[in-house]
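Asker: Questions regarding the structure given below will be posed in turn.
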Amino acid sequence: MSSEKTNYQGNGRLILGIVLLVLTFWMFAQSMQAALIPIIAKDFGITDDPAKMDLLNFAASITPLFSAACIVAAGGLADRFGRMRFSFIGVVLSVVGSAIVALSPNVEMLIIGRGLQGISAACIMPSTIALMKTWFEGKKQATALTWWSVGSWGGSGFCAILVGLIEPSLGWQAIFWISAGVAILGLLLMLGTPESKAPVNDKKFDTRGAAIFIASLICLVLAVSKGRSWGYGDIKFLGTMGLSIIGLISFYFVEKSAPGKGVAQLVDFSLFKSRGYFGATLSNFLLNAIAGAMVIVNIYMLQGRGLSTGDVATMTITYAVAVLALLPVGQKILFIFGGRLPMIMGTIITFMGVVLMSMTSVEDLAMYKVLVMVGYAMFGLGLGIYATPSTYTAVSAAPQEKAAVAAGIYKLASSLGGAMGVALSLAVYSAFGDIHQAGAAGLWLNVGFGVLALLAILFIIPGQHKSQQPELA
């Protein structure tokens, strides 16, 4: 790899190809959770069938579930067998999964396609971050990671808008056909990029650890996402949560014993000895948990203020525009001050935006709508400032030979944080009889996530000197 690296440098074509692959998950696949569930339910004729609706909700959640469960294992395999190879595998799975979703005549077929989309994302995300770490250096690497963040944070901001633009005239299936085309185009742009692998070693892949980890994460995400509908005292919730805890404890001991058995660790816990990596990953988990605020405020606006879905979707535009506009600002602050300062600034702005949304006691609808729109803008501004410095801090702290698996753990934190934040926010929201108190309580929980993220940055990530900031390549 080192000899290839001296003869090849990443370019704009590689960046564009990677961004397109990232968009297949964050903008296209995630559009089902954003706005497509009622549309698909009506198309399938299952609106009045509670059992089928539960299956449809599971189909929507299975993509991030499979992505979260498989992403660390996929990152380890990409380090071992090649990051370009796993990007290609991700594209194939994305195209096949999108085609199955678009052609699905029923919910059961939809679930298969959505599962493949999740595994696709697990292959693409750590591989593409590792490719950027390999083929870009210094400021060019930070710029490349900024564009990666455009695909993830920006793509998620445009989910609802994408549905509004395409579905009315072309149908919901068109979204997934376009996604398949975007994936193919992204791969074509990446062709010619040299393969990138970790140094060869004779250790075996940790198959047992991977199986335990994937099963444990599936149980955990299922318990968190389905706990409210199952009931937190139900045997299904208690069983899946118990299995996840036992599995994760078993996984830790399996990983600790792996080196002595000639097996390569799936998760090298020594990564977390780096305060930069640990702090960036933990704060990333907590800031993604604030995704629950977007769900709560939208539900509250529909149920508590009587707005239409179109009105609510329009109000999210301020978030999407802000996060895209501020991503380059976060990069520039990173260049000047290092990663810690913009992460602090971004986190504070983000949870202050949620504070504005939480003012459900404001009776005047016009005034509250202004608060929500300003809050959404601050939410986007904060995440836009935070995203690139956080990713750069985590990636730069990891050794090159563990780049993809480190990126996989970092993105696992994103998926798990989002799933748990939404589930816990909905649980708090459902616990109150008064709709306005429910909205405020659900949103203040997310303010708490933001405060914890700030504390993680302040007390874990070390201050950075000039020598630690990105250098011109």
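Asker: If you scan the stretch 48-61, which residues turn out to be modelled with pLDDT of 80 or more and within 22 Å of L412 (Cβ to Cβ)?
Answerer: A59
Asker: Tell me the residue from M367, M378, M420, M352 that is modelled with pLDDT under 85 and of a type outside the set (V, I, T), please.
Answerer: After applying the criteria, what remains is M420.
Asker: Just for helices (runs of 4 or more DSSP H) wholly inside the stretch 144-242: which have at least 2 residues that are within 23 Å of A74 (Cα to Cα) and out of contact with any helix residue (DSSP H, G or I) (no Cβ under 8 Å at 6 or more places or on another chain)?
Answerer: 207-230
Asker: So which of F25, F44 is touching a Gly at 6+ places or on another chain (Cβ under 9 Å), at pLDDT 80 or above and aromatic (F, W, Y)?
Answerer: F25
Asker: With T314, T393, T388 as the choices, which residue is in a helix (DSSP H, G or I), under 25 Å from I435 (Cα atoms) and polar (S, T, N, Q)?
Answerer: Going through T314, T393, T388 in turn, the sole match is T314.
Asker: When you scan the stretch 322-378, how many residues do you find that are among the aromatic types (F, W, Y) and within 19 Å of L458 (Cβ to Cβ)?
Answerer: Number of matching residues: 2.
Asker: Test F213 against the stated conditions and say whether it is closer than 30 Å to G338 by Cβ, in contact (Cβ under 8 Å) with a residue 24 or more places away in the chain and under 20 Å from the mean Cα position of the chain (by Cα).
Answerer: no
Asker: Now a separate question. In this structure, is I246 under 26 Å from the mean Cα position of the chain (by Cα), assigned to a helix (DSSP H, G or I) and surrounded by fewer than 17 Cβ atoms within 10 Å (Cβ to Cβ)?
Answerer: Criteria met by I246.
Asker: Is it the case that K256 is touching a residue at least 12 places away in the same chain (Cβ under 8 Å) and touching a strand residue (DSSP E or B) at 6+ places or on another chain (Cβ under 9 Å)?
Answerer: Numbers: touching a residue at least 12 places away in the same chain (Cβ under 8 Å): yes; touching a strand residue (DSSP E or B) at 6+ places or on another chain (Cβ under 9 Å): no.
Spelling it out, it is not the case that K256 is touching a residue at least 12 places away in the same chain (Cβ under 8 Å) and touching a strand residue (DSSP E or B) at 6+ places or on another chain (Cβ under 9 Å).
Asker: Shifting gears a bit: Can you tell me which residue in the stretch 1-22 is surrounded by the most Cβ atoms within 10 Å (Cβ to Cβ), limited to those that are modelled with pLDDT of 80 or more and either of a type outside the set (A, V, I, L, M) or in contact with a His (Cβ under 6 Å, 6 or more places away or on another chain) (or both)?
Answerer: G17
The values are calculated or read from the model by the stated rules, or taken from the named source; none is laboratory data. Small disclaimer: the values here were computed from a predicted structure and weren't measured. Quick reminder, even Gly has a Cβ in these numbers, built from the backbone with ideal geometry, and neighbours come from all protein chains shown.
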